[in-house]
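Quick note: the coordinates plus some simple rules give every number you see, no bench work behind them. Quick caveat, the model's predicted, so the values are computed rather than measured. Note that we place each Cβ from the backbone using ideal geometry, even for glycine, and neighbour counts take in every protein chain shown.
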Amino acid sequence: MATSRKSKAKQAYSYLLQVELEDLTPTIWRQVWVDSGMSLHTLHHVLQATMGWAGAHLHEFSIKGKRYSLPDPEDDLGRLPVDEREVLLGQIMEPGLEFKYLYDYGDSWSHVIRVEEVKLVTEPYGAAFVDAGQGACPPEDSGGAPGYQDSLDLLRDDSESEDAQSFLQWAGEDFDPGRFDRYAANAALLRMAWNRWA
C-alpha cells in the first residue's frame, strides 16, 4: 500500500489549460501546457507571460471555494488566502476543473481557466508552452473589461474619432486588438524558465 502511494506521488503530469478573459467580445483566450510540479505562484507568472500582462498589479486564484495568493500580513479582513507558493498544480489539478484567476483588483481582469487535457509524462518538461491563442492582451489600466470593450467598439465603429485615436496613442500606435503572437509568448516563457524567474 505504501509503495503504491509512493509511486503515485512520483508521477508527473502535464495539463493543457484553456484560459479565457471574461466579458469581452471577441473572446481573448490562450491554451497553455503546464507541469504538475509547478506551484500556483509559478502559474501566476506563466499566465502573465502567456496573456501578455506586465505583472504590475495584485492577483489571486479562486479554486473550489478557496482563495490562493501571496498572503498580505496587513490584510484587515482577517481572511488570509492560502499561500500560492506552497501549492503544487499536481495537488489540485484534475480533468475538467474550472477555476478563476483575478489580475488587478482595480480593473478586475477575470480569467476563467479550465483543465482541458491531462497527460502522464515520464519526465516533467520544466517550462510552460503556449499551444494556441486569440486576441491581443488589453493594455494595463484600460478600465477592465467594460472600459476595454468600449475602446474596442469605438475602434470598430469610429476608428478616426478623437477618442479612438487617443486610445491608440496611449495603447501604442501599432496596437492591434486581434493580434496574438504565439512565438513571442513562448519566447517569454522560455526566458522565464531559463532564468528561473518563477
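Some values worked out for this structure:
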item	result
Some residue of the stretch 149-156 being touching a strand residue (DSSP E or B) at 6+ places or on another chain (Cβ under 6 Å) and either touching a residue at least 12 places away in the same chain (Cβ under 8 Å) or under 30 Å from ASP35 (Cα atoms) (or both)	no
Output for the stretch 145-187, where each listed residue is surrounded by fewer than 17 Cβ atoms within 10 Å (Cβ to Cβ), part of a helix (DSSP H, G or I) and under 22 Å from the mean Cα position of the chain (by Cα)	PRO146, GLY147, GLN149, ARG182, TYR183, ALA184, ALA187
Flag for ASP104 being within 14 Å of the chain's Cα centre (by Cα) and over 18 Å from TRP29 (Cβ atoms)	yes
Pairs where the first residue, in the stretch 52-70, is polar (S, T, N, Q) and the second is assigned to a loop (DSSP other than H, G, I, E, B), C-beta under 9 Å, 6+ apart	SER69/LEU58; SER69/LEU80; SER69/PRO81
Residue within the stretch 119-136 that is under 28 Å from ASN195 (Cα atoms) and assigned to a helix (DSSP H, G or I) present	no
Qualifying residue in the stretch 93-112 (condition: without any contact (Cβ under 8 Å) to a residue 12 or more places away in the chain and either out of contact with any helix residue (DSSP H, G or I) (no Cβ under 6 Å at 6 or more places or on another chain) or not polar (S, T, N, Q) (or both))	no
